[in-house]
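Below is one structure, written out as structure tokens; the observations come after it.
Every read-out reported here was derived from the displayed coordinates using simple, explicitly stated rules and does not represent laboratory data. All figures in this text were calculated on a predicted structure; none of them were measured in a lab. Positions of Cβ are backbone-derived with ideal geometry, glycine not excepted, and every protein chain shown enters the neighbour counts.
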Amino acid sequence: VSKHSIDIAIVGAGIIGVCIAEKLQSEGYQVTLIDSEPPGSGCSSGNAGHFATDIILPLANVKTLLSVPKLLLDPLGPLTISWRYLPKLIPWLGRFAWAAMPHQAAHTIEAIKQLNRPAIKDYQTLLARTNLQHMMVQQGALSVFQSERAKRSNQQHLALVRDHGVNVDLLTQQQVQELEPNLKSSLIGGLYYPDTAHCLDPHHLVLNLAHHVFEQGGQLIQDKVKAMTPTGQDTIKIVCEGQTFSAKQVIVAAGAWSKDLVEPLGYKLPLETERGYHLMLPNAAQHLTRPVTSFERSFVMTPMQQGLRLAGTVELAGLDAAPNYQRAAVLHQHAKEVIKPFDDSDASHWMGHRPSFPDSLPVIDRCKYHSNILYAFGHQHLGLTQAATTANLIANLLQNSRQTNSAYAVDRF
Ligand SMILES: Cc1cc2nc3c(=O)[nH]c(=O)nc-3n(C[C@H](O)[C@H](O)[C@H](O)COP(=O)(O)OP(=O)(O)OC[C@H]3O[C@@H](n4cnc5c(N)ncnc54)[C@H](O)[C@@H]3O)c2cc1C
């Protein structure tokens, strides 16, 4: 073991890892981020940038289950499963179906709300502390629809989420046009969520937060963690490809790659990846002023510093399969149906690995077998939204040994 000894090692420098590093550092801890790649190289760089506090229904619900057969018939549709990967997925899909049962889903909604409710306020505090307030724009978000049938479905959705405390209004076609004049007039209405926000550049948010941590004395070790072994002397040996360290505390925040890292520590977790895609249109940023989701086409368009980002789709194909960028290209076709003609020159595509448990909730907990190892991963579609709040929960766990909500427990599976 090298002489190098670390107080708190955070494995993974995505949005979850850097928010935790910043929070702990602000409370006086010595932090070291370890990542095989530069900060923000994983899923956190290319997401849709929506601080989506309005999304409180888990993906695992009866409606999703009923729509699966139809969705699977379209290989470029919003959900696809790799047939080759299917055998490995079956246990996860079984748990997903169980989590979708109404009594389970009701429990999950409460747990999502607990993370989403304080999310914007927690970011405001974090961004003020790091002088990055300009990265978050609070202009709400729209979800738009094209048919009367979709309108009825959206009215039901409105009643449901309002009951859960989400601030939402039903807009007419004209009101939608007033908010976003570049949306097509074939859209007959929308739901407006005034309290949500968006990020002007998710990758730079991670980079800037990491930079802040390093400026304040935090360290970065760029190396791949191969194993973490408790030594019995209140330290953890962290074996990386190039070097070995010991740390007093370790926080695992390695997103979709966390599963293999924690398995030797006593947990075989049903963590899968829901791969998602984006298409970036660098010359169309001015087209919209807030995130707009198309209800029928299940994708989101967010105006960012570097252009208009079209993002979405779920592809269940594991961590290793090559990207299928046709899934990003199809977003271009969808956008043409929803927004007025736009400049599509110099478009670029991206694929990222959402870290997802079958019940649509993360693990935010302490390892039951080794009390100086903590877990913060599995934030699926809401990792950007929930990162600042997750960091606060981890800080509480570290200081008080207090349990978080049992819905985020590592031993719930
Ligand atoms: C298309 C798309 C759109 C999305 N839109 C939104 C949105 O609008 N709003 C929202 O809230 N969320 C959104 N998400 C989800 C969000 O991006 C993720 O939940 C979030 O980025 C997960 O962050 P993370 O830090 O856990 O993981 P990551 O960002 O993937 O970071 C994990 C890090 O761990 C490192 N790592 C892995 N293994 C090791 C190892 N062995 N040793 C060292 N380092 C390691 C990786 O290199 C990586 O940097 C979207 C996702 C996708 C794909």
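Structure summary
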read-out: Share of alpha-carbon pairs per 10 Å distance bin for the stretch 167-283, given as whole %; value: 10, 23, 25, 18, 14, 9, 1
read-out: For Thr196, residues with placed amide H under 5 Å, excluding near neighbours; value: Gly140, Ala141
read-out: Equivalent ellipsoid, the stretch 1-140 (semi-axes from 5 times Cα gyration tensor eigenvalues, Å); value: 34, 22, 16
read-out: Simple label model, 7 Å out from Cα along Cβ direction - Ile81 to Ala322, nm; value: 2.5
read-out: Of Lys121/Lys268; Lys224/Lys368; Lys151/Lys259; Lys70/Lys336, those spanning more than 29 Å from alpha-carbon to alpha-carbon; value: Lys121/Lys268; Lys151/Lys259
read-out: Counting all C-alpha pairs of the stretch 195-258, share separated by more than 16 Å (%); value: 63
read-out: Normalised alpha carbon radius of gyration of the chain [divisor 2.2 N^0.38 Å]; value: 0.96
read-out: For the chain, share of DSSP beta bridges that run antiparallel, in % to the nearest 5; value: 70
read-out: Kirkwood Rh (inverse of mean 1/r, distinct Cα pairs), the stretch 224-329, angstrom; value: 17.2
read-out: All-pairs Cα distance distribution in the stretch 1-64, expressed in whole percent, bin size 5 Å; value: 4, 14, 17, 17, 16, 13, 9, 5, 3, 2, 1
read-out: Gap separating the Cα centres of the stretch 211-233 and the stretch 338-361, nearest whole Å; value: 30
read-out: Relative contact order computed over the chain (Cα-Cα under 8 Å; 6+ residues apart), in percent; value: 26
read-out: Dipole of the chain [Lys/Arg +1, Asp/Glu -1 at C-beta], most positive-end residue of Trp350, Leu127, Ala159; value: Ala159
read-out: Anchor Lys23: aspartates and glutamates whose Cα lies under 19 Å away (excluding residues fewer than 8 positions away in-chain); value: Asp7, Asp35, Asp122, Glu215, Asp365
read-out: Using alpha carbons only: equivalent-ellipsoid semi-axes of the stretch 69-119, gyration tensor based, whole Å; value: 27, 15, 11
read-out: Over the stretch 62-160 - Rg/Rh using Cα atoms and the Kirkwood inverse-distance radius; value: 1.06
read-out: Residues with amide H under 5 Å from that of Ile81, placed H, sequence gap 5 or more; value: Leu316
read-out: Relative contact order %, the stretch 230-334, counting alpha carbon pairs below 8 Å whose residues are six or more apart; value: 21
read-out: For the stretch 80-216, alpha-carbon Rg over 2.2 N^0.38 Å; value: 1.37
read-out: Whole-percent pair-distance distribution, where bins are 10 Å wide, for the alpha carbons of the stretch 270-413; value: 11, 33, 27, 19, 9, 1
read-out: Span from the the stretch 33-92 Cα centroid across to the the stretch 367-413 one, whole angstrom; value: 21
read-out: Global size of the stretch 143-189 as Cα Rg and Dmax, reported in angstrom; value: 11.1, 32
read-out: The chain: DSSP helices with Cα axial extent of at least 24 Å and average Kyte-Doolittle hydropathy no lower than -0.5; value: 383-400
read-out: Under 12 Å from the Asp234 label point (7 Å along Cα→beta-carbon), backbone N, the stretch 366-408; value: 372
read-out: Packing-based ranking, highest mean first, of 84-91, 347-354, 297-304 given that Cβ atoms within 10 Å are counted; value: 297-304, 347-354, 84-91
read-out: Efficiency of FRET between Glu263 and Phe214 - r from beta-carbon atoms, R0 30 angstrom, step 0.05; value: 0.45
